[in-house]
Ligand code: ARG
Ligand code: ZN
């Protein structure tokens, strides 16, 4: 990929590589502050006219360069800050370079770096997307697939464990207390999947036999104080491996599968071939220290990275524009897996919550981009909710369009055609379609077009003709750089419910076999669909299961939504009815209405369901929760975050009052059986327990606070402890401060759990949290160098605490501005991610808007990294 003007890369400029690497041999002499890397590249000329060999490189020192064993003269190559060009290279030539690196000086955590302290930490790599070039000179692009052989040498005492991709290929002793280990990866791979790990690590191990009979050693590595928290991840890994065999016929393909945990990581985890590396917060789990949410994350992310072995590694991406080809697809597979391991309805609700909170807001703002963008200037900024979560929705729509059997047939064909290749979204759609004799190319528009489609639905019933008519209309608002939008294929799952709440038999034409539900596909700007022989429909249930990532508006009234909330059999849509009802109540309250019938209907309907013993407690907990602040704020312009907060509070107040004494009773009943159990049923009851406490705190603060303080101390699980503490802190209770001190004492030495302590405080919904966060920035355990700390304290504050962050005096903005300027010079990826929390400045009411805009402009003027500069430039709309 050639970067054209000012570093912007365009999809349309893609050219096949001029040079390929058949095999690469890497030799590392590892050291915390001075590592040497010898790289031997076996080169092959690519298609097209002969070109000089241009390799990517960044930050390393060149100690030697040889072509076919001969040292090159200075005029035979050219070295600059981003590349190494060798002028006269023959097909089949072998290029050797020797590089010097300083891992302990690498604060960007991209390339080879140090996790932990120089004395006790370990060395590891992160190469996706463009970190490999910080290790050695190489065609660092995903369509160059090479066989990797790696030799690691290091001091045995300091680095007893030496890991790289692939299968072990020998180890032994060297002089001076050094030792070596060789690794051989038989599967050709792009450089972004390279990894090594070296240091003092403990391990757990398990044997696994694949469905096709391969014996595999599964090992998880972590530092000594964390190794006893890796068991759940191992359990999840084994389940994920079985699941991929059963559901997709995909077997693992090496003799070992290794996972390593680190506290210093820019992202969640990384799928390096045979050597996954995990952010410790998504790998470690234990009953005392991990919340139910943590367990769910570990399960999902272990599965996600494992599933990449086929969707990402065996079939990789031609270029970074195709990132969603592996990420959207793998998120979808991960969602399927989690849904089958747990409650499918709850999982769908959570997926849609993530989509709305992160992706819809992204798609509606200045950073909106297509699932497959057309240009980028900093690829690390495209690991977004759009590429991941909207990408997964697109795969879900396509899978739904095909149906289960055809989806599997299509995926088999995709693997058959592209195993060992670097593919494109077009090739994915073609394989799925060809395998089933259908044309899926219309879905390509979903990949190319940014913005969330607005879908309008109107239903009319003709009693005389017994026909139900559904009018659908779609529209997508312009997004930056994409003024004109086209109509997209939108599948809508539909049912019609009768007065008793049961689904009416649906027929598209007379005499057809009736169905309880059907899927209509809107394939134009507007269309109408008719159902015949319909008797007395009470209400339509639309977009069941959230069958397309759109924003639906209907002509249904609050009483229709209440009916759906009571009777709908599609669990997702039942929850959705509660959300819509709450949203309408919220809008009226925000608009200043004193008397809000929607609020009464919402409260009354939920009160009716509250005593329904047949209702899944986890689903009830979700029904009782209105959309969160960022979701509610999304359509508000001009936006006053304090007013949004107050209106949502009024909803919570009203619901708490309406539930009355039942709240305390339910809380007490659930508490009686609470033992901290980890099975799905126990987790579901705990979700409701915690939700009841939160509401009860609003109804009867004095008594509820007392119970919450006790529950903090006696908690049988971390979820219970966190819920009690968060409730006390939101209330400003004195006992909350005491509990905080206790929490800090308990978990001072455990980074993952201490992050919860930082995050809890960062999200206290009170204006004076600004001063609290400022104080925590100076806490001995805080460091701007650690992405998890930054995320807990600063991302928690800027993205999840609108009341404090948007304090009208702008103090929250200044705090983030100052931190960002510092983080920018340490870790561009982390700086850029934090900066995305400022994206909504233009929608704010004029006072806050001016303050935040000024902060953004100051930051843009001083930005050092390409990553941060890119986010700020797009955020400001220049
Ligand atoms: N491929 C990884 C995952 O989704 C994410 C790595 C992203 N890294 C980055 N520096 N942007 O599983
Ligand atoms: Zn991924």
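Laboratory data are not the source of any read-out in this text; all were calculated from the coordinates shown. Since the model is a prediction, treat every value here as computed from it, not as a measurement. Heads up, the Cβs are rebuilt from the backbone with ideal geometry, glycines too, and the neighbour counts pull from every protein chain shown.
Between residue 515 and residue 737, the contour length at 0.36 nm per residue exceeds the alpha carbon distance by 74.2 nm.
For the stretch 472-621, pairs of C-alpha atoms spaced more than 29 angstrom apart make up 27 percent of the total. Pairwise alpha-carbon distances in the stretch 656-729 exceed 15 Å for 47% of all pairs.
Sorted ascending by nearby beta carbons within 10 Å, beginning with the fewest, 210, 97, 262 become 210, 97, 262. Considering only Cα atoms, the convex hull volume of the stretch 523-593 works out to 127 Å³ per residue. In terms of overall dimensions, the stretch 411-562 has a Cα radius of gyration and Dmax of 18.5, 61 angstrom. Note that the stretch 19-112 carries a Kirkwood radius of 14.1 Å, evaluated over its alpha carbons pair by pair.
The order of 603, 692, going from fewest to most other C-beta atoms within 10 Å of their C-beta, is 603, 692. Look at where the Cα atoms of the stretch 247-298 and of the stretch 483-529 average out, and the two centres are 40 Å apart.
The separation of the stretch 736-813 from the stretch 351-425, counted between C-alpha centres, amounts to 33 Å. The convex hull around the C-alpha trace of the stretch 97-146, projected and averaged over every direction, spans 3.9 square nanometres.
Pairs of Cα atoms in the stretch 683-816 fall into 5 Å distance bins, from 0 up to the last occupied one, in shares of 2, 11, 20, 21, 20, 15, 8, 3, 0 percent. The C-alpha atoms of the chain define a longest principal axis, and helix 641-659 lies at about 50 degrees to it. With the convex hull of its Cα atoms as the shape, the stretch 623-681 has an orientation-averaged projected area of 5.8 nm².
Spatially, the stretch 829-878 and the stretch 453-479 are offset by 39 Å when compared through their Cα centroids. One decimal place: the segment residue 642-residue 50 gains 206.8 nm when fully extended, by the rule 0.36 nm per residue minus the C-alpha distance. For the chain, the longest principal axis of the Cα atoms and the long axis of helix 661-672 meet at an angle of about 40 degrees. The packing ranking, built from the mean of other Cβ atoms within 10 Å per residue, places the peptides 610-617, 581-588 in the order 581-588, 610-617, highest first. Computed across the stretch 139-233, the Kirkwood hydrodynamic radius from all distinct Cα-Cα pairs reaches 15.2 Å.
Computed over the alpha carbons of the stretch 69-202, Rg followed by Dmax gives 16.2, 49 Å. Our summary gives the chain a relative contact order of 8 percent, counting only alpha carbon pairs under 8 angstrom and 6 or more residues apart.
Note on residue 499 and residue 532: the model spin-label points, each 7 Å out from Cα along the C-beta direction, lie 2.6 nm apart. Angle of helix 734-747 to the longest C-alpha principal axis of the chain, folded into 0 to 90 degrees and rounded to 10: 30°. Here the convex hull built on the C-alpha positions of the stretch 709-777 has a volume of 82 cubic angstrom per residue. Overall, the anisotropy analysis places the stretch 374-476 in the oblate class: the square-rooted eigenvalues a ≥ b ≥ c of its C-alpha gyration tensor yield a/c not less than 1.5, with a/b not exceeding b/c. Measuring nothing but how far apart in sequence close Cα pairs (under 8 Å, 6+ apart) lie, relative to its length, the stretch 54-120 scores a relative contact order of 35 percent. Neighbour counts of C-beta atoms inside 10 Å place 438, 425 in the sequence 438, 425, starting with the fewest. Can you give the relative contact order of the stretch 471-610 as a percent, counting alpha carbon pairs under 8 Å and 6+ residues apart? It comes to 21 percent, rounded to a whole number. Using the empirical formula 2.2 N^0.38 Å as the baseline, the Cα radius of gyration of the chain reaches a ratio of 0.97.
In plain terms, the chain from residue 439 to residue 710 could stretch by 91.5 nm, reckoned as 0.36 nm per residue minus the Cα-Cα distance. Where in the stretch 138-155 does the amide nitrogen come within less than 20 Å of the point 7 Å from the Cα of residue 176, taken along Cα to Cβ? The answer is 151-155.
Answer rounded, prolate or oblate for the stretch 581-634, using the Cα gyration tensor with square roots of eigenvalues a ≥ b ≥ c: rounded when a/c is under 1.5, else prolate when a/b is larger than b/c, else oblate. Oblate is the answer for the stretch 581-634, as a/c is 1.5 or above yet b/c matches or exceeds a/b.
With Cα atoms as the point set, the radius of gyration and Dmax of the stretch 247-348 evaluate to 14.0, 44 Å. Per the Debye calculation on the stretch 738-829 with a single equal scatterer at every Cα and no solvent contribution, log₁₀ I(q)/I(0) for q = 0.19, 0.20 Å⁻¹ amounts to -0.84, -0.93.
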